[in-house]
Amino acid sequence: MEMSVSFSNHSAGAKESLSREDWICIALIILGIFLFLYGANYYNNAVGWAGVLIFAFGFFGLIVLAVYNVLKRRPTETEPQQEAEGTQNS
């Protein structure tokens, strides 16, 4: 018995690019790291803590977007199971 799970509507060999929201979250993470390092180097507490918070918000944003995309792609009960019907052989 073979079982496979796919979270993507693309073919197995297709590459999926990052969305604009993903790039924004990655930029926030990088900005947060730079601000934290700047604040630590120049003994500036406000800049350092702002960097930590921006890093945390960027990381949290990536997690929220990933969960949202997985839940959005889940088929509802009213939709027919097209993939399951297409893979079964009679």
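Confirm whether Tyr68 is surrounded by fewer than 15 Cβ atoms within 10 Å (Cβ to Cβ), in a helix (DSSP H, G or I) and not polar (S, T, N, Q).
yes
Is it the case, given these coordinates, that Gly32 is surrounded by 13 or more Cβ atoms within 10 Å (Cβ to Cβ) and under 23 Å from Leu18 (Cα atoms)? I'd like the intermediate steps shown before the answer.
Details: surrounded by 13 or more Cβ atoms within 10 Å (Cβ to Cβ): yes; under 23 Å from Leu18 (Cα atoms): yes.
It is true that Gly32 is surrounded by 13 or more Cβ atoms within 10 Å (Cβ to Cβ) and under 23 Å from Leu18 (Cα atoms).
For Gly61, state whether it is in contact with a Phe, Trp or Tyr (Cβ under 8 Å, 6 or more places away or on another chain), modelled with pLDDT of 95 or more and part of a helix (DSSP H, G or I).
Numbers: in contact with a Phe, Trp or Tyr (Cβ under 8 Å, 6 or more places away or on another chain): no; modelled with pLDDT of 95 or more: yes; part of a helix (DSSP H, G or I): yes.
Answer is no for this residue.
Would you pick out the residues in the range 42-58 that are under 18 Å from Leu28 (Cβ atoms) and modelled with pLDDT under 95?
As a first pass, look at the range 42-58 and keep what is under 18 Å from Leu28 (Cβ atoms): 46-58.
None - no residue of the range 42-58 is under 18 Å from Leu28 (Cβ atoms) and modelled with pLDDT under 95, so the list stays empty.
Mind checking which residues of the range 6-39 are among the aliphatic types (A, V, I, L, M) and modelled with pLDDT of 95 or more? Full working, then the answer.
Filtering the range 6-39 for residues among the aliphatic types (A, V, I, L, M) gives 12, 14, 18, 24, 26-31, 33, 35, 37.
Matches in the range 6-39: Ile24, Ile26, Ala27, Leu28, Ile29, Ile30, Leu31, Ile33, Leu35, Leu37.
The values are calculated or read from the model by the stated rules, or taken from the named source; none is laboratory data. Model, not experiment: these values are computed from the prediction. All Cβ positions, glycine included, derive from the backbone under ideal geometry; neighbour counts span all protein chains shown.
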